[in-house]
Amino acid sequence: MTERRIVKGTARSGRTRLLRVTVAEGSMLPTIQPGDWLLVDPTTTRWPRRGSVVVFQEPFSDTLAIKRVAARPGDWVPFGDGWLQLADDEAWLLSDATDDELAAAGFGPASDSRKYGPVPVESLVGRAWFRYGPIGRIGKIPKLPRRLPPRPGD
């Protein structure tokens, strides 16, 4: 197994059977907390179901990040003053925590698809599926549905 930390400056990950990551950001509070140790399936080659938690390389940087899949290829998402349909290889990734929750916890605003837009599948590192530490938090990572507002006319 390979271990990676999700922090600014962390670079690429290799394709192995399991990838271990240590979370250093608060954007997924309260589901995933800084200091959680996660197992990631790096064999995932397409975007998993809505509600799944993924590790990916942020657009325009070498930073690894963790977010929840809110929309998959072909879905429509609100963006700016209109709507955007995701391409066949794109997903819309969102933080679980709101900006107010992040500020209260001492973190800056969330950086997710609302900031940088759709994420291509080439940036996907894998699906986070199990928390193996700390001991009091061991268990599967829950898949929470991320609900986007309905597209006008739907």
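Taken as a whole, the structure places residue 66 among residues that are aliphatic (A, V, I, L, M) and either in contact (Cβ under 8 Å) with a residue 12 or more places away in the chain or in contact with a Lys or Arg (Cβ under 6 Å, 6 or more places away or on another chain) (or both).
Per-residue answers, yes or no, for (1) touching a strand residue (DSSP E or B) at 6+ places or on another chain (Cβ under 9 Å); (2) over 14 Å from residue 28 (Cα atoms); (3) at pLDDT 90 or above; (4) not in a strand (DSSP E or B):
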{"residue": "61", "(1), (2), (3), (4)": "no, yes, no, yes"}
{"residue": "87", "(1), (2), (3), (4)": "yes, yes, yes, yes"}
{"residue": "93", "(1), (2), (3), (4)": "yes, no, yes, no"}
{"residue": "102", "(1), (2), (3), (4)": "no, no, no, yes"}
{"residue": "131", "(1), (2), (3), (4)": "yes, no, yes, no"}
{"residue": "142", "(1), (2), (3), (4)": "yes, no, no, yes"}
{"residue": "152", "(1), (2), (3), (4)": "yes, yes, no, yes"}
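Scanning the stretch 30-46 for residues that are of a type in the set (S, T, N, Q), farther than 17 Å from residue 138 by Cα and in contact with a Lys or Arg (Cβ under 8 Å, 6 or more places away or on another chain) yields 43, 44.
With respect to the conditions (1) hydrophobic (A, V, I, L, M, F, W, C); (2) surrounded by 15 or more Cβ atoms within 10 Å (Cβ to Cβ); (3) modelled with pLDDT under 85, residue 1 falls short on a single one, namely (2).
So that you can scan it fast, the table gives a plain yes or no per residue for (1) aliphatic (A, V, I, L, M); (2) farther than 21 Å from residue 115 by Cβ; (3) modelled with pLDDT under 85:
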{"site": "7", "(1), (2), (3)": "yes, no, yes"}
{"site": "26", "(1), (2), (3)": "no, no, no"}
{"site": "41", "(1), (2), (3)": "no, yes, no"}
{"site": "76", "(1), (2), (3)": "no, no, no"}
{"site": "82", "(1), (2), (3)": "no, no, no"}
{"site": "90", "(1), (2), (3)": "no, no, no"}
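Could you please find all residues in the stretch 63-88 being within 17 Å of residue 42 (Cα to Cα) and not polar (S, T, N, Q)?
Start the filter on the stretch 63-88 by keeping residues that are within 17 Å of residue 42 (Cα to Cα), which leaves 63-69.
The answer is 64, 65, 66, 67, 68, 69.
Within the stretch 39-65, being surrounded by 22 or more Cβ atoms within 10 Å (Cβ to Cβ) and closer than 17 Å to residue 132 by Cα holds for 40, 53, 54, 55. Output the residues belonging to the stretch 72-131 that are surrounded by fewer than 17 Cβ atoms within 10 Å (Cβ to Cβ), among the aliphatic types (A, V, I, L, M) and closer than 24 Å to residue 37 by Cα. Result: 103, 104, 105, 121.
The values are calculated or read from the model by the stated rules, or taken from the named source; none is laboratory data. Predicted, not measured: the structure shown is a model, and the values here were computed from it. All Cβ positions, even for glycine, are placed from backbone atoms using ideal geometry, and neighbour counts span all protein chains on display.
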